[in-house]
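The values are calculated or read from the model by the stated rules, or taken from the named source; none is laboratory data. All values derive from a computational prediction rather than experimental measurement. All Cβ positions, glycine included, derive from the backbone under ideal geometry; neighbour counts span all protein chains shown. Note: accessible area is taken over every heavy atom of the protein model, side chains too, but ligands, DNA and RNA are not part of it. Shrake-Rupley method; radii C 1.70, N 1.55, O 1.52, S 1.80 Å.
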Amino acid sequence: QVQLVESGGGLVQAGGSLRLSCAASGRISSNYAMGWFRQAPGKEREFVAGVRWTSGDTAYVDSVKGRFTISRDNAKNTVYLRMNSLKPEDTAVYYCAAKFGLIRSQESDYDYWGQGIQVTVSS
């Protein structure tokens, strides 16, 4: 079983920055892909960014390209999401997730999930 724990959320003013962390433990494979999803009030959960442990390949949803950066530290089993130029539309609960194989944007493809962490961006 894989356990994922998010940290680093909070309240920030529009235009500000936050860095989310996802610490992974348990029987995680080097062939896993890690993803960040978010769910805003009244909206469906959506894919934000993903990274593969082995290759470092990344993927982003169009709305965050140029603002968010996903990265991983293999030695620490930790994935990060650096969020710059935050907008009120980024307000959501952010979830870390893991799946075997390539990065995918569908939440149903992911096998393990963290509890989520709140990010609130004020106007």
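Structure above, values below:
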quantity: Accessible surface of the range 25-123 [probe 1.4 Å, protein heavy atoms]: carbon and sulfur percent; calculated: 43 percent
quantity: The chain - percent relative contact order, Cα under 8 Å, separation 6 or more; calculated: 35 percent
quantity: Simple Cβ-charge dipole of the chain, Lys/Arg +1 and Asp/Glu -1, about Cα centre, in debye nearest 20; calculated: 240 debye
quantity: The range 42-90: C-alpha gyration tensor shape, a/c 1.5 cut-off, then a/b vs b/c; calculated: prolate
quantity: Over the range 46-123 - Rg/Rh using Cα atoms and the Kirkwood inverse-distance radius; calculated: 0.95
quantity: Beta bridges per DSSP with both ends in the chain, % antiparallel, nearest 5; calculated: 90 percent
quantity: Mean Cα-pair separation over length for the range 79-123, i.e. relative contact order, pairs under 8 Å, 6 or more apart, %; calculated: 50 percent
quantity: For the range 17-24, 3J(HN,Hα) per residue [Karplus equation, 6.51 cos²θ - 1.76 cosθ + 1.60, θ = phi - 60°, Hz, x = Gly/Pro]; calculated: 9, 9, 10, 8, 10, 10, 8, 9
quantity: Trypsin sites (Lys or Arg not before Pro) restricted to DSSP loop in the range 23-123 with at most 13 other C-beta within 10 Å; calculated: Arg27, Lys43, Lys65
